[in-house]
Amino acid sequence: MKSSPRDRAPVSQFRCLIDGYNLMFESIAIPDPKLGTAALRLAREQLLEFVASRLSDADRRTTWIVFDSDQDVGLPDETVYRGMQITFAREESSADEYLCKWIRSHTNPAGLSVVSSDHQVQRAAKARGAKFFDSEQWVSQILPENPLGDLQSSDISEAERQNERDEALRHSKLQEGEKKDWLKTFGFDESE
C-alpha cells in the first residue's frame with residue numbers, strides 16, 4: 001500500500017464497494033505461483049493499480065475495496081491507496097460478510113454500486129436496491145465506460161472503450177505457461 005491510513009468517511013459517502021479478492025481472482029490479477037509468498041501481495045497491488053488508474057480522483061475517493069483478512073494478517077486493518085479506502089475484513093469472518101453488513105447500513109443504497117460475483121453479496125445489494133455487477137462484467141463492460149455504473153454518458157470514444165475492454169480481457173486470461181504452472185502447483189498432470 002502506498003498511502004497512509006485516514007479516518008474512514010461514513011459508509012454513506014462510498015458509491016462503489018468492491019469485493020477485492022473476488023475481483024482479483026475472477027478477472028484481473030492471478031497470483032504467479034513462481035513468486036511464492038510475494039505473489040498475493042503483488043497481485044493485490046496490480047489489482048489496486050488497475051482499478052485506481054481507471055477511476056477519476058472523485059471516483060477513487062468514493063470507492064471502498066474490501067479484502068478477506070486471513071490472507072493478509074501482517075497488514076493494517078485499513079489504509080488508503082490513491083484515494084481509495086482499502087479494508088482487510090477482520091471484524092467479520094470474510095469480506096463477503098463485511099460487505100453485506102455495510103450494504104445493509106448504507107443510507108443511500110440506490111446510489112451504491114457493488115462489485116462482486118458472490119451471490120450472497122449480490123442478494124444483499126439487490127435487497128437494498130443497490131446496483132450490483134459480476135466482477136468480470138464490471139472489468140470488461142462497466143469499468144471502461146462508467147466505473148460506478150451511473151446512467152450519465154461518458155466522454156470516452158467507442159474506440160477507446162473497445163481498447164479498454166480488450167486490455168481488460170487480455171489481463172483476465174491465463175497464458176498457457178501460467179495454466180501449466182497452476183496445474184503443477186496443485187498437483188495435476190495435464191496428461192490426465
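Just so you know, all these numbers are worked out from the coordinates, no wet-lab data involved. These figures come from a predicted structure and were not determined experimentally. As a convention, Cβ positions derive from the backbone with ideal geometry for all residues, glycine included, and neighbour counts pool all protein chains shown.
Things to note:
- Expressed to the nearest 5 percent, the antiparallel share of DSSP beta bridges inside region 15-96 is 30 percent.
- Residues 28, 86, arranged from fewest to most other Cβ atoms within 10 angstrom of their Cβ, appear as 28, 86.
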